[in-house]
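Remarks on the structure that follows.
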């Protein structure tokens, strides 16, 4: 069976298989290089690390390339973190859904599946294995890393923010299910605030306006968390928030990432 990583693979993409023995898991790492990469060998680039590569890598690559052509984004390297799942597509998506529930959730919560709570190990893999490989083998600017995720991926982005705030310059967290694990993300933020007065990063935080449900009260929890972050007045912290009106959970990613990437990348445009 053919291995797949994205619903539409962008051009100029390289693929690596990187193993995380501690999890244990093989990861399919897709790297989209900027158009000037070969012609400007002395240049380094901001790098976007995105979870859920099977559905988000192609989208984010296309958004950044189009916006760059219009002069609104700098050229970037995009790193999609995925899994070596196989065709047919329905089986691949089922595999992906189970693996992401394990890797992107901060603590075990059996109400959301038997395999949850792997975010600490996944973050360790990104820090100790993935980023060093990317910055060793590609001209990725270590001072301009971006971590982007949506849904469980957004939850993971916030986990990384409060546990490894120095690892990335910018964090893009979309529609995180903040009630997961008895609202553990609120606990992480409170623990961070008790020990720090600074948080020198950019955070773009958003949600779709039509995402409020009984099981997942995404919009109301978004407002509560955004208000808490704004009230902290962390030194060096840049927070941008937005509600994407008339967007459901599945409709929100495209406008969310376009706006989020523009918020954290446009300031670098020469």
Please count how many residues of the stretch 177-215 are in contact (Cβ under 8 Å) with a residue 60 or more places away in the chain and closer than 20 Å to residue 260 by Cβ.
3
Of the conditions (1) surrounded by fewer than 20 Cβ atoms within 10 Å (Cβ to Cβ); (2) at pLDDT 95 or above; (3) touching a strand residue (DSSP E or B) at 6+ places or on another chain (Cβ under 8 Å), residue 143 fails just one. Which one is it?
(3)
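Restrict the check to the stretch 238-246 and report whether at least one residue is over 19 Å from the mean Cα position of the chain (by Cα), part of a loop (DSSP other than H, G, I, E, B) and surrounded by fewer than 17 Cβ atoms within 10 Å (Cβ to Cβ). Steps first, please.
Keep residues of the stretch 238-246 that are over 19 Å from the mean Cα position of the chain (by Cα), which gives 245-246.
Among the residues that remain, those that are also part of a loop (DSSP other than H, G, I, E, B) are: 245-246.
Filter again for surrounded by fewer than 17 Cβ atoms within 10 Å (Cβ to Cβ), leaving 245-246.
Within the stretch 238-246, one or more residues are over 19 Å from the mean Cα position of the chain (by Cα), part of a loop (DSSP other than H, G, I, E, B) and surrounded by fewer than 17 Cβ atoms within 10 Å (Cβ to Cβ).
Take residue 98 and decide whether it is surrounded by fewer than 21 Cβ atoms within 10 Å (Cβ to Cβ), within 20 Å of residue 153 (Cα to Cα) and modelled with pLDDT under 95. Don't jump to the end; show me each part of the working.
Values: surrounded by fewer than 21 Cβ atoms within 10 Å (Cβ to Cβ): yes; within 20 Å of residue 153 (Cα to Cα): yes; modelled with pLDDT under 95: yes.
It is true that residue 98 is surrounded by fewer than 21 Cβ atoms within 10 Å (Cβ to Cβ), within 20 Å of residue 153 (Cα to Cα) and modelled with pLDDT under 95.
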Every residue from the stretch 122-139 that is touching a helix residue (DSSP H, G or I) at 6+ places or on another chain (Cβ under 8 Å) and surrounded by fewer than 22 Cβ atoms within 10 Å (Cβ to Cβ)
123
Determine whether residue 76 is over 20 Å from residue 132 (Cβ atoms), modelled with pLDDT of 95 or more and either surrounded by 15 or more Cβ atoms within 10 Å (Cβ to Cβ) or touching a strand residue (DSSP E or B) at 6+ places or on another chain (Cβ under 6 Å) (or both).
no
Scan the stretch 82-89 and tell me whether some residue there is assigned to a helix (DSSP H, G or I) and either in contact with a strand residue (DSSP E or B) (Cβ under 7 Å, 6 or more places away or on another chain) or farther than 30 Å from residue 186 by Cα (or both).
yes
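Quick check on residue 101: is it over 24 Å from residue 216 (Cβ atoms) and either touching a residue at least 24 places away in the same chain (Cβ under 8 Å) or in a loop (DSSP other than H, G, I, E, B) (or both)? Write out each step before concluding.
Working: over 24 Å from residue 216 (Cβ atoms): no; either touching a residue at least 24 places away in the same chain (Cβ under 8 Å) or in a loop (DSSP other than H, G, I, E, B) (or both): yes.
No; evaluated as a whole, the condition is false for this residue.
The values are calculated or read from the model by the stated rules, or taken from the named source; none is laboratory data. In this text the structure is predicted, and so the values were computed from the model without any measurement. Positions of Cβ are backbone-derived with ideal geometry, glycine not excepted, and every protein chain shown enters the neighbour counts.
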